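Read through the structure below, which is laid out as structure tokens, and then see the notes.
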Amino acid sequence: MLNRMLYALLPGRRMDTAAYVERRRIELARQLDLALASTVRYGPFRGMRLGPDTAWSVADRAPILLGLYEQEVLESLAETGGRKAFVNLGAGDGYYGVGALVSGLCQRSYCYEMGEKGRRIIGDTARLNGLEDRVEIRGKADPGFYRDLPAEVVDDCVLFVDIEGAEFELLDEAAFGAFGNAVIFLELHDWFFQDGAQRMQTLRRNAAATHAITEMTMAARDLSPFPELREYSDSDRWLLCSEGRGRQMGWMRFDPKRAGAPA
């Protein structure tokens, strides 16, 4: 396998390399999914069962099962337990929206997802984990979406946002004010825009009165604790934890400044 990868790196074969790597990631993810019975084995969402379908890359199933997918965010999220609700904008296929309930971090989940397939899979995942009565599935989140949520949810929730750049439209000063007691996680997509730096300045300004900001970025992965990976080659082990991203990702965590806000 390694020889094939080195061959693919020769001049003129870069596109072939990308296609081969993605195919190999999918093969490895399917192997691991079978070995672990489609159940998250490590991390805060340990014990979460996953269905056969997915709304995003099949290859991401491997780091999800190992608890390595967006590990920095997962570890930070695990510190926010005891909230009434988890409000997930861009819920995908329910990994976070259902996982937050499996882990006991929140009592109820509100999943906003514009894709019909994603909404279907969220429902399937909730049922698979016996949580269908605690997951509310909604469509696209529009500006002011929080007005349609119960006041006690907005006041005591984790707001988790991954909406491919639309965060700059939704998270205005009024939104941060409404979620003044909430812990907010945001995946950053400023690099989608030519004026991304200006958008980030506006975002920080919108949050300044109500939230303190912590920035996170993807860091190293330690694969030594996983006995399931010991028989894999070095190359395959790293592909199993890869998220297939085109650049190093970043996130923000916003913590409420208000005195008396839930911990």
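For the stretch 177-195, a tally of residues being within 21 Å of the chain's Cα centre (by Cα) and not aromatic (Phe, Trp, Tyr) returns 8.
Can you report the number of residues in the stretch 222-263 which are assigned to a loop (DSSP other than H, G, I, E, B), within 18 Å of Ser76 (Cβ to Cβ) and basic (Lys, Arg)? If you could, list the steps in order and put the result at the bottom.
To start, the set of residues in the stretch 222-263 that are assigned to a loop (DSSP other than H, G, I, E, B) comprises 222-226, 230-233, 242-249, 257-263.
Retained after the next criterion (residues that are within 18 Å of Ser76 (Cβ to Cβ)): 222, 243, 248-249, 257, 261-263.
Now restrict to residues that are basic (Lys, Arg): 257.
So the count comes out to 1.
Among the residues of the stretch 93-111, the ones that are under 27 Å from Ile26 (Cα atoms) and assigned to a strand (DSSP E or B) come to 1 in all. Filtering the stretch 88-122 down to residues that are in contact with a Cys (Cβ under 7 Å, 6 or more places away or on another chain) and hydrophobic (A, V, I, L, M, F, W, C), which residue is farthest from Val58 (Cα to Cα)? Looking at residues that are in contact with a Cys (Cβ under 7 Å, 6 or more places away or on another chain) and hydrophobic (A, V, I, L, M, F, W, C), I get Ala100. Criterion applied to Thr125, Thr54 was being of a type in the set (Val, Ile, Thr) and at pLDDT below 95, and the one residue passing it is Thr54.
Here is a yes/no grid of residues against (1) open to solvent by less than 10 Å² (accessible area, probe 1.4 Å); (2) not aliphatic (A, V, I, L, M):
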| residue | (1), (2) |
| --- | --- |
| Thr39 | no, yes |
| Asp53 | no, yes |
| Ser57 | no, yes |
| Leu66 | yes, no |
| Glu70 | yes, yes |
| Ala78 | no, no |
| Gly82 | no, yes |
| Gly94 | yes, yes |
| Ser109 | yes, yes |
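When each of Ala261, Ala219, Ala197, Ala208 is tested for being touching a residue at least 40 places away in the same chain (Cβ under 8 Å) and open to solvent by 40 Å² or more (accessible area, probe 1.4 Å), the lone residue that passes is Ala219.
From the list Arg61, Arg46, the lone residue that is surrounded by fewer than 20 Cβ atoms within 10 Å (Cβ to Cβ) and basic (Lys, Arg) is Arg46.
Would the stretch 154-174 turn up any residue that is touching a Pro at 6+ places or on another chain (Cβ under 8 Å), assigned to a helix (DSSP H, G or I) and over 26 Å from Leu74 (Cβ atoms)?
Kept after step one, since they are touching a Pro at 6+ places or on another chain (Cβ under 8 Å), are these residues of the stretch 154-174: 156, 169-170, 172.
Narrowing the set further to residues that are assigned to a helix (DSSP H, G or I) leaves 169-170.
With over 26 Å from Leu74 (Cβ atoms) added as a condition, the list becomes 169.
Scanning the stretch 154-174 turns up at least one residue that is touching a Pro at 6+ places or on another chain (Cβ under 8 Å), assigned to a helix (DSSP H, G or I) and over 26 Å from Leu74 (Cβ atoms).
Filtering the stretch 181-190 down to residues that are out of contact with any Pro (no Cβ under 6 Å at 6 or more places or on another chain) and part of a loop (DSSP other than H, G, I, E, B), which residue is modelled with the highest pLDDT? Even if it seems obvious, please write down each step before you answer.
Step one: list which residues in the stretch 181-190 are out of contact with any Pro (no Cβ under 6 Å at 6 or more places or on another chain), which gives 182-190.
Going one step further and asking which of them are part of a loop (DSSP other than H, G, I, E, B), we end up with 182, 188-189.
On the way: Ala182: 97, Leu188: 94, His189: 92.
Only one residue tops the list, namely Ala182.
Name the residues in the stretch 75-92 that are of a type outside the set (A, V, I, L, M), within 21 Å of Met218 (Cβ to Cβ) and either in a loop (DSSP other than H, G, I, E, B) or free of Cβ contacts under 8 Å to residues at least 40 places away in the same chain (or both), would you?
Taking the stretch 75-92 and keeping what is of a type outside the set (A, V, I, L, M), we get 75-76, 79-84, 86, 88, 90, 92.
When the remaining residues are screened for being within 21 Å of Met218 (Cβ to Cβ), the result is 75-76, 79-80, 88, 90, 92.
Listed by number, the residues that qualify are Glu75, Glu79, Gly90, Gly92.
The values are calculated or read from the model by the stated rules, or taken from the named source; none is laboratory data. None of these values were measured; they are calculated from a predicted model. Methodologically, a virtual Cβ is constructed for each residue, glycine included, from the backbone with ideal geometry; neighbour enumeration extends over all protein chains shown. All accessible areas refer to the heavy atoms of the entire protein, side chains included, with ligands and DNA or RNA removed. Shrake-Rupley method; radii C 1.70, N 1.55, O 1.52, S 1.80 Å.
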